[in-house]
1. Considering only the stretch 92-101, state which residues are part of a helix (DSSP H, G or I) and open to solvent by 20 Å² or more (accessible area, probe 1.4 Å).
2. Taking the stretch 164-197 only, how many residues are touching a Cys at 6+ places or on another chain (Cβ under 8 Å) and of a type in the set (A, V, I, L, M, F, W, C)?
3. Considering only the stretch 186-208, how many residues are within 30 Å of S251 (Cα to Cα) and surrounded by 12 or more Cβ atoms within 10 Å (Cβ to Cβ)?
4. Does T214 meet the test of being touching a strand residue (DSSP E or B) at 6+ places or on another chain (Cβ under 8 Å), polar (S, T, N, Q) and within 17 Å of Y50 (Cβ to Cβ)?
5. If we scan the stretch 165-187, do we find a residue that is in contact (Cβ under 8 Å) with a residue 12 or more places away in the chain, closer than 19 Å to P28 by Cβ and within 33 Å of the chain's Cα centre (by Cα)?
6. Looking at this structure, is Y262 loosely packed, with under 12 Cβ neighbours inside 10 Å and out of contact with any Ser or Thr (no Cβ under 9 Å at 6 or more places or on another chain)?
7. Of everything in the stretch 42-85 that's crowded, with 16+ Cβ neighbours inside 10 Å and among the hydroxyl-bearing types (S, T, Y), which residue is nearest to G32 (Cα to Cα)?
8. For F237, work out the one condition from (1) closer than 20 Å to V185 by Cβ; (2) at pLDDT below 90 it doesn't fulfil.
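The values are calculated or read from the model by the stated rules, or taken from the named source; none is laboratory data. Remember, predicted model here, so these are calculated numbers, not experimental data. Please note: Cβ atoms are built from the backbone with ideal geometry, for glycine as well, and neighbour counts cover all protein chains shown. Accessible surface areas use protein heavy atoms only, side chains included; no ligands, DNA or RNA. Shrake-Rupley method; radii C 1.70, N 1.55, O 1.52, S 1.80 Å.
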Amino acid sequence: MSCFSQRLRRTAPMRGNSRNELVPSKPPRMNGWSWPPQAFQIVGWLAYSYLAIVSFGIYIPLLPLPWNHVAYTLMGITFIVHFVTHIAAVTIDPADASVRAKQSYSSPLPFFDRTKQPHVIQDLHCYLCDVKVGPKVKHCGVCNKCVEDFDHHCKWLNTCVGGRNYWFFFLALSSATIGTFLLIVVVLFIFIQHYLDPHSLRTAPQFNSVLGNTTWLVFLPLAPIKTSSAGLLISAFITIMLSITCLLLLSHLLGFHLYLFYKGISTYDYIKMQRQKEARNRDSEAVSPRHPKTHNKTPQSQMGSIDCEPALSQSPSSCKFDNKGPLSSQLSESICTELDNFKKSAEKENSFHYGTENSTDNTAREMSDVKSWKPVDDEEAQSSSVKSVDSVPGVQDPLGSSIMTPDET
């Protein structure tokens, strides 16, 4: 079977030769009601519906007077404000005025060829929407249109948040945070009072016809339905956990937008600044050495350096070794022994010369002596001539690591 080694067939583009035309274009989205809906959008509406039902149908009617009226008023205001602002944020088209004037949401946008233009928006002109835009406009890839004062694309609203619907989004976020917090307080109060003083929760007139304290009524006063204490407590536990989760998400998002409002920037500006900061950090890490400590360390495993310096005042066997290991010590002893033997043989044969010199070297040496000639004293000349006659040429180290010269006699 060689079917796995075969390449998949690809359909050639119907028109054009640009590689960007392989990706089919799509029409822009008008608002959050455009199809298809996002999963987060559906989850958000389901959570809102569940919390509204359990709040006004189960727990607020159980509160004693006058706390039930206070809860109806506060939570009613927050839930209504959130509903209105949520609908407005989803319905308003945040696109730029030039894009909204074209009214071409039903037809797909033209293809963008990056071989001709490096960016979608260049010189305040969008090559996808084919319109002139403002300086704070960004083309959203999800909605496929230019958004005025772009902040971010919200998956919970299924639309972009821009200058035209930002404050509706902010009010919806604030009202949802306050309403969720109030609901947690109400449910916790009922949960605790159910064990401490259950009679304080049974003040509604419908409880007069109910026998026993283990039977509770929900959806008061319009459609009372009997339930048990276990069912009431289980629903209270589920409501508290869901409300706490929503409160954490909403409060985090609300705090973030309050921070952006204090800084005077948008979410897109914040993300762009973070990306630039990360890019600078990566560049600095690439330039700086990865392991700076390794450059400061000196090699410890190298052999000791051999330093043989001839001196007139020293003994014939004057060899200095920096021994830093057992191997170097053995080599130093053998080298010094060979040097001593070599000096003894040299003393016996004074007429013997080590090495050979080329004629070219002699000529170059004579020319350098002529150029550097200067008058000297007789004593200096004699001493220099004596030293030149008695000097011995250098000898190559048997190890090949240094040049050694025997001491003068």
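1. Those that are part of a helix (DSSP H, G or I) and open to solvent by 20 Å² or more (accessible area, probe 1.4 Å): A97, S98, R100, A101.
2. 2
3. 8
4. no
5. There is at least one residue in the stretch 165-187 that is in contact (Cβ under 8 Å) with a residue 12 or more places away in the chain, closer than 19 Å to P28 by Cβ and within 33 Å of the chain's Cα centre (by Cα).
6. Yes.
7. Across the stretch 42-85, the extreme among qualifying residues is T85.
8. Failing condition for F237: (2).
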